[in-house]
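The next block holds one structure in the form of structure tokens; read it before the comments.
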Amino acid sequence: FYTPKSIVQLLVSMIEPYRGRVFDPCCGSGGMFVQSEKFVKAHRGRIDDIHIFGQESNQTTWRLCKMNLAIRGIESKFVLWNNEGSFLNDLHKDLRADYVLANPPFNDSDWNGELLRDDVRWKYGVPPEGNANFAWVQHFVYHLAPTGIAGFVLANGSMSSNTSNEGEIRKNLVETDLVDCMVALPSQLFYNTMIPACLWFISRDKENSKFRDRRGEVLFIDARNLGTMIDRRHRQLTPEDIKKISDTYHAWRGEPIDGKQIEYQDVPAFCKTVTLKKIRKKNHILTPGRYVGYEEEEEDDEIFEEKMERLTAELAEQMEEAKNLDEGIKKNLETIGFGV
């Protein structure tokens, strides 16, 4: 479950971890932390203003993470390991993070959910034993500070599944007004799975007195048509794609972009702000394609009669050319003794 660099950059660009506690409970080799540090430095912030908290269940990967952070001078004393994992043995129980950044294992069926049926983290519903997706979501929410924001990767099924209580949990998250933004990603971004993925953004502070009050609204972004193929099987988001998506989100939140205040506007087939009332009518499904609509085709202002005359003239030329080609082929066949 290596997270492609462009996805990490997009997550970091959208939640902008300038200052505070950054938490990844399935931190792998530490890519989220490294990109957070790069973001702060790129925006001339102080790296000492962010504090890293993480947990990893694979000891080898955890050691890689510690080394990855060490060679960059990032403090990692709160990046911890145990082989039981974040669900069974949460090593940061009292942490309330300002930012959660994560790419948990998709659709994990081996997460020991049967041992955690009465866990305090399942405030929005008990997740199914056969899929940890909504266990992760609720774990992230549990660890968010009152003004915290989470950005994470999940399988596309999380946006629409109604099996085994998943639909009820998603409904409760929506009705509690925690869901801030949903992003549908292009296909072929990942190297180790073909499962389509999306980004969730959860916010505990949608009122946010510094910017626009977003209570009762969710932003949907359909980015499936973005990205560039880098080989026959893999795609990546370009810096322009990342900026387009993150700028849309920040404009919607009412935040200045490059020092300027940009007014958000819905863009057919790409982004749309939707009220909770409309999401209820869609049975709390959070798939962006259900909401953003279709791109309007450009109007054809050519007069019909003139257009038909032009097209029929072109067709007549093409038919005459085809006739000449057929005659040439016949003559060539005759010269080798195969008349048609």
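The values are calculated or read from the model by the stated rules, or taken from the named source; none is laboratory data. Since we're looking at a predicted model, the values are computed, not measured. Cβ atoms come from the backbone with ideal geometry, glycine included; neighbour counts cover every protein chain shown. Just so you know, the surface numbers come from the protein's heavy atoms only, side chains and all, with ligands and any DNA or RNA stripped out. Shrake-Rupley method; radii C 1.70, N 1.55, O 1.52, S 1.80 Å.
When HIS139 is tested against (1) assigned to a loop (DSSP other than H, G, I, E, B); (2) in contact (Cβ under 8 Å) with a residue 12 or more places away in the chain, exactly one condition is not met: (1).
If you go through region 215-228 and keep only what is surrounded by 17 or more Cβ atoms within 10 Å (Cβ to Cβ) and in contact with a helix residue (DSSP H, G or I) (Cβ under 7 Å, 6 or more places away or on another chain), you end up with VAL218, LEU219, PHE220, ILE221, ASP222, ALA223, LEU226, GLY227. Here is the figure for region 311-340: residues that are in a helix (DSSP H, G or I) and open to solvent by less than 100 Å² (accessible area, probe 1.4 Å) total 15.
If you go through region 55-75 and keep only what is assigned to a helix (DSSP H, G or I) and surrounded by 14 or more Cβ atoms within 10 Å (Cβ to Cβ), you end up with THR61, TRP62, LEU64, CYS65, LYS66, ASN68, LEU69.
Residues of region 153-182 that are assigned to a loop (DSSP other than H, G, I, E, B) and either out of contact with any Leu (no Cβ under 8 Å at 6 or more places or on another chain) or of a type in the set (Gly, Ala, Ser) (or both): SER160, SER161, ASN162, THR163, SER164, ASN165, THR176, LEU178. In region 77-97, of all residues being part of a loop (DSSP other than H, G, I, E, B) and over 30 Å from GLU16 (Cβ atoms), the one that is most open to solvent (accessible area, probe 1.4 Å) corresponds to ASN83. Write out, first by first residue and then by second, each pair whose Cβ atoms fall under 6 Å of each other, whose residues are 6+ apart or on separate chains, and whose first residue, in region 151-177, is polar (S, T, N, Q) while the second is in a helix (DSSP H, G or I). These pairs meet every condition: SER158/ASN133. PHE190 meets the conditions (1) within 20 Å of HIS92 (Cβ to Cβ); (2) among the hydrophobic types (A, V, I, L, M, F, W, C); (3) in a loop (DSSP other than H, G, I, E, B); (4) in contact with a Pro (Cβ under 8 Å, 6 or more places away or on another chain) in every case but one. The failed one is (1). Taken across region 47-54, residues that are over 22 Å from the mean Cα position of the chain (by Cα), on the phi > 0 side of the Ramachandran plot and open to solvent by 20 Å² or more (accessible area, probe 1.4 Å) do not occur at all. Among the residues making up region 188-214, those that are open to solvent by 60 Å² or more (accessible area, probe 1.4 Å) and either in contact with a Lys or Arg (Cβ under 6 Å, 6 or more places away or on another chain) or at pLDDT 90 or above (or both) are ARG204, GLU207, PHE211, ARG212, ASP213.
For beta carbons closer than 6 Å, sequence separation of 6+ or different chains, a first residue in region 218-240 that is closer than 23 Å to ALA155 by Cβ and a second that is of a type in the set (S, T, N, Q) and part of a strand (DSSP E or B), the qualifying pairs are LEU219/THR273; ILE230/GLN236.
Set side by side, the residues VAL40, VAL100, VAL34 differ, and just one is on the phi < 0 side of the Ramachandran plot, out of contact with any Ser or Thr (no Cβ under 6 Å at 6 or more places or on another chain), buried (at least 17 other Cβ atoms within 10 Å of the Cβ) and assigned to a strand (DSSP E or B), which is VAL100.
A search for C-beta distances below 6 Å between a residue of region 20-39 that is closer than 9 Å to VAL100 by Cβ and any residue that is in a helix (DSSP H, G or I) and open to solvent by less than 20 Å² (accessible area, probe 1.4 Å), counting only pairs 6+ apart in sequence or on different chains, returns VAL22/SER36; ASP24/MET32; PRO25/SER86.
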